[in-house]
1. Mind putting a number on the dipole of the range A:58-310 about its Cα centre? Charges go on the C-beta only, +1 for Lys and Arg and -1 for Asp and Glu, and I need it in Debye to the nearest 20.
2. Run the numbers on the range A:58-310 and let me know its relative contact order in percent, using alpha-carbon pairs under 8 Å that are six or more apart.
3. Using only Cα atoms, what Kirkwood radius does chain B have, in angstroms?
4. Cross-link list A:Lys77/A:Lys98; A:Lys75/A:Lys292; A:Lys230/A:Lys317; A:Lys77/A:Lys237; A:Lys77/B:Lys129: which exceed 24 angstrom alpha carbon to alpha carbon?
5. Add +1 for every Lys or Arg and -1 for every Asp or Glu among the other residues with Cβ under 10 Å from the Cβ of A:Glu198, and state the total.
6. For A:Ala221, which sequence-distant residues (separation of 5 or more, or a different chain) have an amide H within less than 5 Å of its own amide H, given hydrogens modelled in the peptide plane?
7. Considering every residue in B:129-138, what mean count of other chain Cβ atoms within 10 Å of its Cβ is obtained?
8. Any chance you could list the semi-axes, whole Å, largest first, of the equivalent ellipsoid that the Cα gyration tensor gives for the range A:58-310, using √(5λ)?
Amino acid sequence: MLLLTDREKEIPSSEITPRETFEAFQMDRRSVMAGLGAVGFAAALPRMARAEQKIDGLVSTQYAVPDRATTPEAKAKSYNNFYEFGEDKSDPAKNAYKLKTYPWNVSVEGLVAKPRTFQFGELFHLRPMESRVYRFRCVEAWSMVIPWDGFSLAELIKTVEPLPKAKFVQFISAEKSGEEILPSGIDWPYTEGLRMDEAMNPLTLLTFGSYGQTLANQQGAPVRVIVPWKYGFKSAKSIVKIKFVEKMPPTTWNELASDEYGFYSNVNPTVDHPRWSQAHERLLNSNSILPKVVPTLMFNGYADQVAPMYAGMDLRKNY
Amino acid sequence: MKVLVHLLCLLPALFLLRMYFNGTLALEADPVNYITHFTGDWALWMLLGSLAITPLRRLFAGLSWTIRFRRMIGLYAFFYATLHLLTYVLLFSGYDVAAAIAGLRAGHLMEPWTQLKMIWPTMLDDLKKRKFIQVGLAAWVILLVLAVTSPQKVLRWMGGKNWARVHRLVYVAAGLACVHYWWLVKTGVRTPWNVTAVLTVLLLARAGFTAMKKVRVGKAASSF
């Protein structure tokens with residue numbers, strides 16, 4: 001049960017693990033992992049469970065992926081691109097405990113009539129949450145099927161009343177902590193953006209949880225967006241600021257390599273990434289060793305809901 | 001001793017097999033990606049290992065016995081590179097392993113080949129379009145040539161000088177393998193740094209020795 005009406009109640013002090021206990025647990029875990037080697041994967045699970053809480057009162061939803069099995073939860077929570085916590089997709093699950101998700105505020109600002117800084121609890125309780133199963137397609141040509149818990153970003157946007165001048169929404173993630181020994185060239189913090197109509201599309205989900213539990217740190221806790229018809233990197237994690245702007249905002253991967261990652265980055269099997277084909281994807285939704293390579297769907301299978309937004313646009317140019 | 005080196009070189013492959021049989025490999029989020037990186041990494045490290053032997057011997061006279069294992073480690077580099085290539089062909093490309101196995105079980109011996117033919121155009125297209133695959137394949141072809149010409153008999157048949165000339169291609173293969181890695185990863189990813197740094201040191205050591213040799217030869221000549 002998660003009672004988040006005000007700051008004091010976010011986490012009762014009785015529930016906060018004393019630092020010593022937590023560190024002892026970490027140490028313990030490390031030695032267990034070292035001892036078990038490959039089996040250490042399973043040993044990582046208790047910490048995840050500790051960090052996450054069940055989300056109550058999820059309301060029913062029309063969003064499902066009936067033709068594909070859901071990705072095993074352990075896989076979805078151990079294979080994450082979250083460069084702030086390491087470059088290998090297994091790194092964030094090991095390192096993201098460093099992310100301090102409490103207290104957490106989200107500033108909603110820019111070209112809006114009612115700018116406001118939300119305490120996390122306020123945002124969490126803004127609207128009833130749905131558990132929506134979405135296809136999740138990474139630009140690296142693998143995909144998952146994940147139940148995300150949250151409500152449409154549009155619900156939040158409506159409460160701050162954007163001005164007519166607001167044409168784009170920018171998301172800014174939590175600052176990366178720690179120094180880089182070898183420079184990555186990435187200008188932290190991570191930032192992403194959507195066009196206003198994309199942000200208002202009911203599919204765009206302000207996401208607080210997955211699999212009925214609050215987000216694991218490596219998934220971008222405590223709050224992120226999920227934009228299911230775009231490549232995964234468009235779905236900003238651990239958001240601290242949502243800004244309404246007039247011009248197309250800079251986005252992290254586009255700044256780093258604009259020929260590889262466009263602003264739109266809609267899932268599109270006909271436009272290849274320079275280094276790999278986007279026509280197919282490896283569907284990671286079972287514990288089978290054999291790969292399941294399936295054709296990638298236009299707009300990741302959400303063409304009915306989103307294609308009209310791009311009518312008349314050259315999607316080869318606006319990749 | 002030889003058995004020990006064999007075992008050491010086989011250890012990564014045995015580790016992978018163990019992961020397969022105890023089920024942990026299937027539990028990896030993306031088993032195919034895991035196998036690809038695992039075999040690719042070990043191909044590179046074996047290659048760098050075999051390249052490290054000559055400089056180490058020159059630096060430490062006590063290590064001159066390691067020359068006996070240079071070829072063997074080089075062949076293991078080829079072994080892991082081949083596994084890496086097979087991973088691409090059989091697991092990465094969309095090849096239907098399940099159908100191939102089912103076909104074999106049903107007595108259709110040509111089924112694996114039929115499946116390969118189905119995926120062949122995609123692979124050719126990949127090869128045509130993607131530079132990182134081209135350099136990776138080039139590195140493997142070099143290793144194949146070196147592996148085929150590695151037996152003592154072939155050396156004698158080719159003559160030492162020719163043989164040495166061909167086998168110097170190993171440096172090209174190592175360079176291509178590093179480029180393959182860099183071109184594969186996303187911008188901003190630095191994981192190939194360690195192998196690149198090691199290769200650079202080894203190449204510099206080689207250049208250093210050559211330069212020193214020239215100086216020594218020059219001095220010897222001028223003293224006459």
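No value in this document is a laboratory result; all are computed from the given coordinates. Small disclaimer: the values here were computed from a predicted structure and weren't measured. Every residue, glycine among them, receives a Cβ derived from its backbone with ideal geometry; neighbour counts consider all protein chains shown.
1. For this selection, approximately 460 debye.
2. Result for the range A:58-310 is 22 percent.
3. This gives a value of 19.9 Å.
4. A:Lys77/B:Lys129
5. Charge balance in the 10 Å sphere: +2.
6. Residues meeting the amide H criterion: A:Ser238.
7. For this peptide, the per-residue mean of nearby foreign Cβ atoms is 2.
8. So the three semi-axes of the range A:58-310 are 25, 21, 20 Å.
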